[in-house]
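Structure, as structure tokens:
The values are calculated or read from the model by the stated rules, or taken from the named source; none is laboratory data. A quick note: this is a predicted structure, and the numbers were derived from the prediction, not measured. All Cβ positions, even for glycine, are placed from backbone atoms using ideal geometry, and neighbour counts span all protein chains on display.
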Amino acid sequence: MDEAPQHKDIRLCPENYLGCRWYFVTVCAHDRVSYFHGKALCGWVLRVLKEESARHSFFVRAFCLMPDHLHLLLQGSSLNADLLKFMNGFKQRTSYGFWARNQKTLWQVSFYDHILRDKDAPSDVAWYIWLNPVRAGLVEKAEEYPYSGPFARDWDAGEAPEKAWAPPRGGK
């Protein structure tokens, strides 16, 4: 009997996902289906994101909910902030609610993460996220896209950088 193929464990040691670090995260819709178009679904997903980020001690410095994926720039706000628990809680809540309404799987099993290094300016990462709908041809200006922004207004990312940041090894 053939066994199902195993997914490669792409995670670092769990200790790397704790504390007041900065993270770039991409979560893709299951089979890259474009679920995120309607105001009701997008609004609900972003409300759950806001609630779960507060519950798990994360600031959402930048987000962009594209039709088939979600980009996040997160900053842990306490030593107890745990990215893996936060992402698990967010994906569980949204997956369960989506399944109850649609009998469809919402998210891919895993997610892409990049822990920001000293050379990764958080403001450059934020602008990479906010310019995603511009690069995709959905809007002409980042501020025109309705499903992106920061949740907290206490952080200023300034103007878009001249040299664009890009995630290492993909991350869409």
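Go through (1) touching a Leu at 6+ places or on another chain (Cβ under 9 Å); (2) of a type outside the set (Phe, Trp, Tyr); (3) in contact (Cβ under 8 Å) with a residue 12 or more places away in the chain for Glu144 and report which single condition fails.
So the condition that Glu144 fails would be (3).
Going residue by residue through segment 124-140, is there one that turns out to be in contact with a helix residue (DSSP H, G or I) (Cβ under 8 Å, 6 or more places away or on another chain) and of a type in the set (Ser, Thr, Tyr)?
The answer is no, given that none of the residues of segment 124-140 is in contact with a helix residue (DSSP H, G or I) (Cβ under 8 Å, 6 or more places away or on another chain) and of a type in the set (Ser, Thr, Tyr).
Specify which of the listed residues (Asp113, Asp120, Asp156, Asp124) is at negative phi and in contact with a Pro (Cβ under 6 Å, 6 or more places away or on another chain).
None of the others qualify; the one that does is Asp124.
Kindly check whether there is at least one residue in segment 149-167 that is in a helix (DSSP H, G or I) and either within 19 Å of Val27 (Cα to Cα) or of a type outside the set (A, V, I, L, M) (or both). Reasoning before the result, please.
So the first thing to find is which residues in segment 149-167 are in a helix (DSSP H, G or I), and the list is none.
So far as segment 149-167 goes, no, none of its residues is in a helix (DSSP H, G or I) and either within 19 Å of Val27 (Cα to Cα) or of a type outside the set (A, V, I, L, M) (or both).
Listed here are the residues, each with its yes/no results for (1) within 26 Å of Leu131 (Cβ to Cβ); (2) at pLDDT 95 or above.
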site	(1), (2)
Pro14	no, no
Leu46	yes, yes
Leu49	yes, yes
Glu52	yes, yes
Val60	yes, yes
Phe63	yes, yes
Ala81	no, yes
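Among the residues in segment 133-149, are any out of contact with any Ser or Thr (no Cβ under 9 Å at 6 or more places or on another chain), surrounded by 13 or more Cβ atoms within 10 Å (Cβ to Cβ) and within 15 Å of Pro167 (Cα to Cα)?
No, the conditions are met nowhere in segment 133-149.
Condition test on Pro67, is it in contact with a Lys or Arg (Cβ under 8 Å, 6 or more places away or on another chain) and either more than 22 Å from Ala29 (Cβ to Cβ) or modelled with pLDDT of 95 or more (or both)?
On the way: in contact with a Lys or Arg (Cβ under 8 Å, 6 or more places away or on another chain): no; either more than 22 Å from Ala29 (Cβ to Cβ) or modelled with pLDDT of 95 or more (or both): yes.
Considered against the rule, which asks whether it is in contact with a Lys or Arg (Cβ under 8 Å, 6 or more places away or on another chain) and either more than 22 Å from Ala29 (Cβ to Cβ) or modelled with pLDDT of 95 or more (or both), Pro67 comes out as no.
Out of everything in segment 98-127 that is of a type in the set (Gly, Ala, Ser) and in a loop (DSSP other than H, G, I, E, B), what residue ends up being nearest to the chain's Cα centre (by Cα)? Spell out the reasoning first.
Initial filter on segment 98-127 (of a type in the set (Gly, Ala, Ser)): 100, 110, 121, 123, 126.
Then keep just the ones that are in a loop (DSSP other than H, G, I, E, B); that gives 110, 121.
Details: Ser110: 12, Ala121: 17 Å.
Among those residues, the one meeting the criterion is Ser110.
Of all residues in segment 70-97, which are in a loop (DSSP other than H, G, I, E, B) and either touching a Lys or Arg at 6+ places or on another chain (Cβ under 7 Å) or of a type in the set (Ser, Thr, Tyr) (or both)? Talk me through it step by step, then tell me what you get.
Kept after step one, since they are in a loop (DSSP other than H, G, I, E, B), are these residues of segment 70-97: 77-81.
Ser77, Ser78 - these are the residues of segment 70-97 that are in a loop (DSSP other than H, G, I, E, B) and either touching a Lys or Arg at 6+ places or on another chain (Cβ under 7 Å) or of a type in the set (Ser, Thr, Tyr) (or both).
Go through (1) within 16 Å of Met66 (Cα to Cα); (2) small (Gly, Ala, Ser); (3) in a helix (DSSP H, G or I) for Gly137 and report which single condition fails.
Failing condition for Gly137: (3).
What are the residue pairs meeting all of these: first residue in segment 114-130, first residue farther than 20 Å from Pro67 by Cβ, second residue in a helix (DSSP H, G or I), Cβ atoms under 7 Å, and 6 or more apart or on different chains?
Taking only residues 6 or more apart or on different chains, the pairs are Ile115/Asn16; Leu116/Pro122; Leu116/Val125.
Going by what's in this entry, would His37 be described as modelled with pLDDT under 95, under 17 Å from the mean Cα position of the chain (by Cα) and closer than 25 Å to Ala142 by Cα?
Numbers: modelled with pLDDT under 95: yes; under 17 Å from the mean Cα position of the chain (by Cα): yes; closer than 25 Å to Ala142 by Cα: yes.
Taking the combined requirement at face value, the residue satisfies it.
Output the number of residues of segment 20-41 satisfying the condition of being buried (at least 18 other Cβ atoms within 10 Å of the Cβ) and under 15 Å from Phe98 (Cβ atoms).
Residues flagged as buried (at least 18 other Cβ atoms within 10 Å of the Cβ) and under 15 Å from Phe98 (Cβ atoms) within segment 20-41 amount to 6.
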